[in-house]
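Asker: Input: one structure, supplied below.
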Amino acid sequence: MKRFFAFIFLVKLLLVLFIANSYAATGAAAMYKVTMRKVELCTASTGITNCDGAVVVGSGDKVVDIASVGAAAAAASYGNAALLPLGTTYTHMRVTIDRKFIIKSGEVIDPAGAADGCVTRTTADSSYATDEATDKYTHKPVIADGKAIGDAQEMNIYMENDSYKLCDDATCSGTSDSTNDYSSPTYITYQETHSSDTSDDHIMVYKLTSPYTVALISPVIDISFGTQDAVGAFTKSATLCGIYSAEPQVTITIK
């Protein structure tokens, strides 16, 4: 039963709404690391601050690379369904993740517009207006285009605040205003927004496909992760790309 809760958590966790633009395109990820922080089951919920009958089934930071072959097995070790009282029916799950993702391109992306040859590249403090620790939620750095897949590196990508600054060049000497819209998610029932937010947490609540009543018999779970379109890139200028974390595909069967 432990596998059931960990897998369902990841399915919804990784379908977070990320914002692209009209020049965006997506490609495969060779690495897509996400940090799980807490999983709670609720008997009812009306928002991210409401989780009736909350039971924590998983807590503590655990990094899972969903682009790896062993992602499902790694996820299975997170959570303890034995904490759930038999016969209780749960309708929602509240999950907390870190706003930081570590992603590496699995292919070159050519977005619309002048930029091409976009792959993830390691950024430095000099990529931000001040430094990464200060600006990680308020600024998005940009990177040079014209790269091959052999140039791909691990890159820290963050869920920026609702309003943030998009760097105009590789050293962020100038910026442009930009926005995210976390208020209308596609897959999640309720999702936290980040207005001038310094917290590292991102909270989501989703409604289970059907209510789950705790029983003695564990379900059989089949799960697969697809990260072929999990890296997003957009044109900033003729020589610069912006990179964002796109939505991985997750297939799960419970029988």
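Asker: So, of the residues in the stretch 155-177 that are over 16 Å from ARG99 (Cα atoms) and either charged (D, E, K, R) or surrounded by fewer than 16 Cβ atoms within 10 Å (Cβ to Cβ) (or both), which turns out to be nearest to the chain's Cα centre (by Cα)?
Answerer: Restricting attention to the stretch 155-177, the residues satisfying the condition of being over 16 Å from ARG99 (Cα atoms) are 165-177.
Then drop every residue that is not either charged (D, E, K, R) or surrounded by fewer than 16 Cβ atoms within 10 Å (Cβ to Cβ) (or both), which leaves 165, 168-169, 171, 173-174, 176-177.
Details: LYS165: 20, ASP168: 25, ASP169: 25, THR171: 26, SER173: 28, GLY174: 27, SER176: 24, ASP177: 23 Å.
Ranking the qualifying residues of the stretch 155-177, first place goes to LYS165.
Asker: Considering ASP197, ASP169, which residue is within 28 Å of VAL142 (Cβ to Cβ), modelled with pLDDT of 80 or more, assigned to a loop (DSSP other than H, G, I, E, B) and out of contact with any strand residue (DSSP E or B) (no Cβ under 8 Å at 6 or more places or on another chain)?
Answerer: On inspection, the qualifying residue turns out to be ASP197.
Asker: A further question follows. For the structure I just gave you, tell me whether GLU107 is closer than 30 Å to GLU192 by Cβ and surrounded by 14 or more Cβ atoms within 10 Å (Cβ to Cβ). Explain how you work it out, then say what you get.
Answerer: On the way: closer than 30 Å to GLU192 by Cβ: no; surrounded by 14 or more Cβ atoms within 10 Å (Cβ to Cβ): yes.
Taking the combined requirement at face value, the residue does not satisfy it.
Asker: I would also like to ask the following. Among the numbered conditions (1) under 26 Å from VAL39 (Cβ atoms); (2) at pLDDT 95 or above; (3) of a type in the set (A, V, I, L, M), tell me where ALA71 comes up short.
Answerer: Of everything listed in (1) under 26 Å from VAL39 (Cβ atoms); (2) at pLDDT 95 or above; (3) of a type in the set (A, V, I, L, M), ALA71 misses just condition (2).
Asker: I'd like the full set of residues that are crowded, with 21+ Cβ neighbours inside 10 Å and more than 12 Å from LYS33 (Cα to Cα), limited to the stretch 52-68.
Answerer: Answer for the stretch 52-68, where residues must be crowded, with 21+ Cβ neighbours inside 10 Å and more than 12 Å from LYS33 (Cα to Cα): VAL57, GLY58.
Asker: Same structure again: Could you grab the pairs with beta carbons closer than 7 Å, sequence gap of 6+ or different chains, first residue in the stretch 203-215 and in contact (Cβ under 8 Å) with a residue 40 or more places away in the chain and of a type outside the set (A, V, I, L, M), second one buried (at least 19 other Cβ atoms within 10 Å of the Cβ) and not in a strand (DSSP E or B)?
Answerer: TYR206/LYS12; TYR206/ILE188
Asker: Just the residues that are modelled with pLDDT under 95, of a type outside the set (Phe, Trp, Tyr) and touching a helix residue (DSSP H, G or I) at 6+ places or on another chain (Cβ under 7 Å), please, taken from the stretch 78-111.
Answerer: Within the stretch 78-111, GLY79, ASN80, ALA81, MET93, VAL95, ILE97 meet the criteria.
The values are calculated or read from the model by the stated rules, or taken from the named source; none is laboratory data. The shown structure was predicted, so the numbers you read here are calculated from the model rather than taken from an experiment. Don't worry about glycine lacking a Cβ; one is built from the backbone with ideal geometry, like all the others, and counts go over all protein chains shown.
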